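First the structure, in the form of structure tokens, and then the observations on it.
Read-outs: derived from the displayed coordinates by stated rules, not from any lab. Computed from a prediction, not measured in an experiment: that's the story for all the values here. When we count neighbours, we look across all protein chains shown, and the Cβ atoms used for this are built from the backbone with ideal geometry, even at glycine.
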There are 2 protein chains.
Amino acid sequence: MAERSSELSPAELEVLNVLWEAGPSTVRQIHGHLRRSGRQVAYTTVLTFLTRLEHKGVVASDKENMAYVYRPVLSRGKVRKTRLKNLVEQLYDGAAGELVLQLMKTQKFSPDEIEQLRTLVEQLDEKKKRGDRAVEG
Amino acid sequence: MAERSSELSPAELEVLNVLWEAGPSTVRQIHGHLRRSGRQVAYTTVLTFLTRLEHKGVVASDKENMAYVYRPVLSRGKVRKTRLKNLVEQLYDGAAGELVLQLMKTQKFSPDEIEQLRTLVEQLDEKKKRGDRAVEG
DNA sequence: GCAATCCTCCGACAGTTGTAGTAGGCTTAC
DNA sequence: GTAAGCCTACTACAACTGTCGGAGGATTGC
């Protein structure tokens, strides 16, 4: 099992999510956050995850007064990108078209999002038409 | 570690992918398929994965002449759905809007897909407008 | 000053995953 | 009938994951 050391397990991701949402936090704060959102887990377990994450270079920490304050090093955007790429490769033959279509059919969108989608599709459509003309002429 | 028994590891998914693509196959066929696509792995390793998958109820097998022929029980669509749901929950706060937007901005689409996207957006737009009127009046 | 708290470190343990070797049972080409 | 192949079953093992408990040091309420 080679280069898995920089990958994030589900539980590690949960912890990282708290950090992204709440910003730099102590173990206790993260633990409280998780418990409040229904995740029953021991304090030391959270500590273990943070230690592992730090080891992977995904979070960093500074001692502040009594306790260490952890902060994310890896951005949510980066993780999203990697994960999405994996998903597309593993289940959509590397082509995201179908995925987008599937999402559009099954998900709900806010008016604002629909507006953005419309704009994006129009742009794509423009490009397509230009391509068509190029092929024709 | 409770109900993880029905989840698919990356390596298991690789094997399942072959089954989805190539249809029912023997261990040897799957092994060949994987090797041809650059995945160096021992015959018995593939067998292990298939055994585990069968144990999880994800594939089934029948003895045909000499060897067992394995076939998928779980559809690609189902796995896609589950995985997508996980991704959205874990990294997009349960709302797929942002995900779709991200994909639309970063991915390439075929003319046909663009056409479909346009249709879908138009439908969403219609709905939105009806909603607006309902709110106004 | 000392018990109650907190904090981190270390070790542990079972289940999962990736990977493969070996043993032993059929098939088949001679 | 026997060696060469192919097939599965069983075993193994290290790394990764999820989960904690206990040890031992610092802080603080009283």
Could you list, in sequence order, the residues of segment B:8-31 that are of a type outside the set (A, V, I, L, M, F, W, C), within 16 Å of DNA strand C (Cβ to nearest atom), assigned to a helix (DSSP H, G or I) and out of contact with any Leu (no Cβ under 6 Å at 6 or more places or on another chain)? B:Pro10, B:Glu14, B:Asn17, B:Arg28, B:His31
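In the set A:Glu21, A:Glu12, A:Glu54, which member is without any contact (Cβ under 8 Å) to a residue 24 or more places away in the chain, under 18 Å from the mean Cα position of the chain (by Cα) and under 19 Å from A:Arg83 (Cα atoms)? Talk me through it step by step, then tell me what you get.
Details: A:Glu12 fails: without any contact (Cβ under 8 Å) to a residue 24 or more places away in the chain; A:Glu54 fails: under 19 Å from A:Arg83 (Cα atoms).
Selected residue: A:Glu21, the only one of A:Glu21, A:Glu12, A:Glu54 that is without any contact (Cβ under 8 Å) to a residue 24 or more places away in the chain, under 18 Å from the mean Cα position of the chain (by Cα) and under 19 Å from A:Arg83 (Cα atoms).
Just checking, does segment A:91-104 include any residue being more than 30 Å from A:His31 (Cβ to Cβ) and within 16 Å of DNA strand C (Cβ to nearest atom)? Reasoning before the result, please.
Narrowing segment A:91-104 to residues more than 30 Å from A:His31 (Cβ to Cβ): A:91-104.
Keeping just the survivors that are within 16 Å of DNA strand C (Cβ to nearest atom) gives A:91.
Looking for residues that are more than 30 Å from A:His31 (Cβ to Cβ) and within 16 Å of DNA strand C (Cβ to nearest atom), one finds at least one in segment A:91-104, hence yes.
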From B:Leu74, B:Leu91, grab the single residue that is surrounded by 15 or more Cβ atoms within 10 Å (Cβ to Cβ), within 20 Å of the chain's Cα centre (by Cα) and farther than 30 Å from A:Gly77 by Cα. B:Leu74
Residue selected from segment A:16-33 under the condition out of contact with any strand residue (DSSP E or B) (no Cβ under 8 Å at 6 or more places or on another chain) and within 14 Å of chain B (Cβ to nearest Cβ), by the criterion nearest to DNA strand D (Cβ to nearest atom): A:Asn17
Would you mind telling me which numbered condition in (1) in contact with a Gly (Cβ under 8 Å, 6 or more places away or on another chain); (2) within 14 Å of DNA strand D (Cβ to nearest atom); (3) within 12 Å of chain A (Cβ to nearest Cβ) B:Asn86 fails? (1)
